[in-house]
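Inspection log for the structure reproduced underneath, given as structure tokens.
Read-outs: derived from the displayed coordinates by stated rules, not from any lab. Note that this is a predicted model, so its numbers are computed, not measured.
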Amino acid sequence: MMILWSCSMWAYVKRFDGKTEEREFPAGVNIEIGDILEDGSVVIDVSYPDEADDYTDSYDLDPLEAYDD
């Protein structure tokens, strides 16, 4: 089962003037620490939505459990 994320992504960036700010990126945009953005800002931290933890809980299930009778 593949889960597609439809949430936006938040990242902390350091601007060229030395100030930091938090920016929101649309769903589907892949941002990583160290990326240089179009305006010259550098991504210094990436935060993920809390809802992501809810989806990963289902991966703890035993894959053969559904076949046990």
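Each residue of region 20-26 is assigned a 3J(HN,Hα), and the resulting list reads 10, 8, 9, 10, 9, 10, x Hz, derived from the Karplus form 6.51 cos²θ - 1.76 cosθ + 1.60 (θ = phi - 60°), x at Gly and Pro.
Give me D for region 7-49 in µm² s⁻¹, whole number, from Stokes-Einstein with Rh from the Kirkwood sum over alpha-carbon pairs, 4 °C and 1.567 mPa s. Numbers along the way, then the final one.
Numbers: Rh = 10.3 Å.
My calculation gives 126 µm²/s for D.
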